[in-house]
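Some notes on the structure that comes next.
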Amino acid sequence: MNIGDEAPAFSLPDTDGREQAPDGVTAVIFTCNHCPYALGWHDRLLQLARDYDDVTFLAINPNDAQRYPADSYEAMRERVESDGGWPMPYLHDESQEVARAYDAKTTPDVFILDADRRLRYRGAPDADHRDDTLNANWLRDALDAVRDGSEPARPETDPVGCSIKWR
């Protein structure tokens, strides 16, 4: 999928069993429970969801839970519950169809969609999962541009993280 392409539609269950789908400007974040990169960026991504309450944020775990039990649906529910809830739903892509449709590479791999579901940004939240001071600045810049109806100055960065655990 290239910048400007229409992103695939989908609906997946969250940790409460409710179906969730892109709606308006949407951040689709492929992530998981165990990857050090995903964990390093996790708090920054949650803060983005709090800061941009007019944007739909969808965290999606696409990993093979049979080989990686830490990424099971039950482990996802337990994580959200132990965190006291998240400001975005955490979705389970058990079939891995959504991750494949988006050509997700890593956890995390972030896709920003405009209100017409066109891809406007794809890549990492910022330059370093270990540096909280970066504050997911690449995603903030992309979200600000998309919300203002303009093109992000940096529409694509290399996704950095652990590989998706495919079946």
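Pick from segment 20-77 the residues that are of a type in the set (Ser, Thr, Tyr) and in contact with a Leu (Cβ under 7 Å, 6 or more places away or on another chain): which of them is nearest to residue 132 (Cα to Cα)? Reasoning before the result, please.
Of segment 20-77, the ones of a type in the set (Ser, Thr, Tyr) are 26, 31, 37, 52, 56, 68, 72-73.
Keeping just the survivors that are in contact with a Leu (Cβ under 7 Å, 6 or more places away or on another chain) gives 26, 52.
Working: 26: 23, 52: 18 Å.
Selected residue: 52.
For segment 17-37, the set of residues classified as in a strand (DSSP E or B) and of a type in the set (Val, Ile, Thr) consists of 26, 28, 29, listed by residue number. Exactly one residue among 44, 120 is modelled with pLDDT of 95 or more, in contact with a helix residue (DSSP H, G or I) (Cβ under 9 Å, 6 or more places away or on another chain) and part of a strand (DSSP E or B), and that residue is 120. Condition (residue is part of a strand (DSSP E or B), at pLDDT 95 or above, over 15 Å from residue 45 (Cβ atoms) and out of contact with any helix residue (DSSP H, G or I) (no Cβ under 9 Å at 6 or more places or on another chain)) applied to segment 136-159: is it met by at least one residue? The answer is yes; a qualifying residue exists. Evaluated against (1) of a type outside the set (Val, Ile, Thr); (2) assigned to a loop (DSSP other than H, G, I, E, B); (3) touching a residue at least 40 places away in the same chain (Cβ under 8 Å); (4) farther than 23 Å from residue 158 by Cβ, residue 79 falls short on exactly one condition, (2).
Quick check on this structure: which one of 101, 145, 153, 124 is surrounded by fewer than 17 Cβ atoms within 10 Å (Cβ to Cβ) and either under 17 Å from residue 48 (Cα atoms) or out of contact with any Phe, Trp or Tyr (no Cβ under 8 Å at 6 or more places or on another chain) (or both)? Write out each step before concluding.
Values: 101 fails: either under 17 Å from residue 48 (Cα atoms) or out of contact with any Phe, Trp or Tyr (no Cβ under 8 Å at 6 or more places or on another chain) (or both); 145 fails: surrounded by fewer than 17 Cβ atoms within 10 Å (Cβ to Cβ); 124 fails: surrounded by fewer than 17 Cβ atoms within 10 Å (Cβ to Cβ).
Every option except 153 fails the conditions.
For first residues located in segment 30-42 and open to solvent by less than 30 Å² (accessible area, probe 1.4 Å), partners that are of a type in the set (Ser, Thr, Tyr) and lie 6+ apart or on another chain with Cβ distances below 6 Å form the pairs 30/107; 31/107; 32/107; 35/107; 38/31; 38/107. In segment 43-73, the residue that is least open to solvent (accessible area, probe 1.4 Å) out of those that are hydroxyl-bearing (Ser, Thr, Tyr) and more than 13 Å from the chain's Cα centre (by Cα) is 52. Among the numbered conditions (1) open to solvent by 40 Å² or more (accessible area, probe 1.4 Å); (2) in contact with a Pro (Cβ under 9 Å, 6 or more places away or on another chain), tell me where residue 115 comes up short. Checking residue 115 against (1) open to solvent by 40 Å² or more (accessible area, probe 1.4 Å); (2) in contact with a Pro (Cβ under 9 Å, 6 or more places away or on another chain), the one that fails is (2). Do you know which residues across segment 105-160 are touching a residue at least 60 places away in the same chain (Cβ under 8 Å) and of a type in the set (Val, Ile, Thr)? Scanning segment 105-160 gives 106, 107, 110, 112, 146, 160.
Cβ separations smaller than 6 Å between residues 6+ apart or across chains give the following pairs from segment 13-27 residues that are farther than 11 Å from residue 60 by Cβ to residues that are in a loop (DSSP other than H, G, I, E, B) and of a type in the set (Gly, Ala, Ser): 19/11; 21/11; 24/115; 25/115. Given the condition assigned to a loop (DSSP other than H, G, I, E, B) and open to solvent by less than 10 Å² (accessible area, probe 1.4 Å), answer yes or no: does some residue in segment 5-16 qualify? Within segment 5-16 (the criterion being assigned to a loop (DSSP other than H, G, I, E, B) and open to solvent by less than 10 Å² (accessible area, probe 1.4 Å)), the answer is yes, since at least one residue qualifies. Contact annotation: residue pairs with Cβ atoms under 6 Å, 6 or more positions apart or on different chains, pairing a residue in segment 89-100 that is closer than 14 Å to residue 21 by Cβ with a partner that is of a type in the set (A, V, I, L, M) and not in a helix (DSSP H, G or I), are 91/12; 91/58; 91/60; 93/12; 93/60.
The values are calculated or read from the model by the stated rules, or taken from the named source; none is laboratory data. In this text the structure is predicted, and so the values were computed from the model without any measurement. Neighbour counts run over all protein chains shown; Cβ positions are idealised from the backbone, glycine included. The protein model used for the area step is the full one, side chains on, heavy atoms only, and it has no ligands, DNA or RNA in it. Shrake-Rupley method; radii C 1.70, N 1.55, O 1.52, S 1.80 Å.
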